[in-house]
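The values are calculated or read from the model by the stated rules, or taken from the named source; none is laboratory data. Every value quoted in this text rests on a predicted model; they were computed, and no experiment measured them. Neighbour counts are summed over all protein chains in view; Cβ atoms, including those assigned to glycine, are modelled from backbone coordinates with ideal geometry. With ligands, DNA and RNA removed, areas are computed over all heavy atoms of the protein, side chains included. Shrake-Rupley method; radii C 1.70, N 1.55, O 1.52, S 1.80 Å.
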Amino acid sequence: MNSAVSGDPDGNVGFLDHDEVYDGFGDPPRALGTAAVVELAAAQDRLRLGDLLADLPASPEVAAAVCGFGARFDGDVREHPTEHFVALREFYGAAARHAQCVVTWVD
């Protein structure tokens with residue numbers, strides 16, 4: 001869902017668009033309204049990360065190579081996206097339950 005990065009078109013967080021918050025790399029901060037947060041939380045609940053990662057080779061070394069890391073990767077490449085996806089799903093789920101907006105930007 002593109003709004004997770006691009007925000008809602010009518011989100012007004014221009015007050016965050018300055019050097020102390022945003023360094024000019026990529027787009028300035030954007031707001032996700034409560035409806036977008038609820039939609040993103042529901043979409044994440046429907047997503048099955050295991051299904052997405054199932055196509056990776058069973059061997060951690062081969063999986064790392066397929067992902068472009070090669071021998072310099074230590075561990076299983078599945079752990080990083082799994083850990084971050086779970087945290088993101090919990091974050092958006094809590095924000096949706098509390099009817100909160102989210103400010104997002106890429107740095």
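A quick yes/no check of all residues on (1) without any contact (Cβ under 8 Å) to a residue 12 or more places away in the chain; (2) open to solvent by less than 90 Å² (accessible area, probe 1.4 Å); (3) under 28 Å from Pro29 (Cα atoms); (4) touching a helix residue (DSSP H, G or I) at 6+ places or on another chain (Cβ under 7 Å):
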{"residue": "Gln44", "(1), (2), (3), (4)": "no, yes, yes, yes"}
{"residue": "Asp51", "(1), (2), (3), (4)": "yes, no, no, no"}
{"residue": "Cys67", "(1), (2), (3), (4)": "yes, yes, no, no"}
{"residue": "His80", "(1), (2), (3), (4)": "yes, no, yes, no"}
{"residue": "Tyr92", "(1), (2), (3), (4)": "no, yes, yes, yes"}
{"residue": "Ala96", "(1), (2), (3), (4)": "no, yes, yes, yes"}
{"residue": "Ala99", "(1), (2), (3), (4)": "no, yes, yes, yes"}
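Can you give me the number of residues within region 69-82 that are of a type in the set (Asp, Glu) and assigned to a loop (DSSP other than H, G, I, E, B)? Working first, answer last.
First, pick out the residues of region 69-82 that are of a type in the set (Asp, Glu): 74, 76, 79.
Cutting the leftovers down to assigned to a loop (DSSP other than H, G, I, E, B) gives us 74, 76.
Of the residues in region 69-82, 2 are of a type in the set (Asp, Glu) and assigned to a loop (DSSP other than H, G, I, E, B).
Since Phe73 meets every condition but one in (1) more than 30 Å from Ala36 (Cα to Cα); (2) exposed (fewer than 14 other Cβ atoms within 10 Å of the Cβ); (3) modelled with pLDDT under 85, which condition does it not meet?
(2)
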